[in-house]
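Bear in mind these aren't lab numbers, they're just calculated from the coordinates by the rules spelled out. Bear in mind the structure is a predicted one, so any value in this text is a computation, not a measurement. Here the Cβ is made from the backbone with ideal geometry for all residues, glycine too, and neighbour counts use every protein chain on show.
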Amino acid sequence: MSTPPPDDRRSSDDLTEYERADFPRGIPDSARTLQEGGAANARSALTLRLVLAAFGLVLCTVLGVLALGSDVPAVFAVVLFVLAAIALVDLVVVARRKLRGEPG
């Protein structure tokens, strides 16, 4: 689990008028999870990426082999094998991230 970003507004002097009225003793630490003016950091859906990379690897490999055996130009097979290699690299990267225990 990630830790919330640090909040520099620790004193009551740094609070806005709204916060000063609603939180006379300061904002509770549990409320300091979002960055100023925005949502939380985006997280990757690792399991979905893993499934999609495996699907892309299998599909591009099979289509590349079929393209080599048919009458289409060899450039199509090369492009499919390059895409399969990219999917394989993504598969390895995502698997390593999941093994390290990253959420997703």
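Quick one: net charge of L52's neighbours, Cβ under 15 Å, K/R +1, D/E -1?
+2
Can you tally the net charge around R96? Count Lys and Arg as +1, Asp and Glu as -1, for every other residue whose Cβ sits under 14 Å from the Cβ of R96.
Result for the local shell: +2.
Enter the per residue convex hull volume of region 46-99, computed from alpha-carbon coordinates, in Å³ rounded to the nearest integer.
48
Between R100 and F76, what is the spin-label point distance in nm, taking each point 7 Å from the Cα along the Cα→C-beta axis?
In this crude label model, R100 to F76 measures out at 4.0 nm.
At 7 Å along the Cα-to-beta-carbon direction for both L68 and V89, put a label point, then send me their distance in nm to one decimal.
2.1
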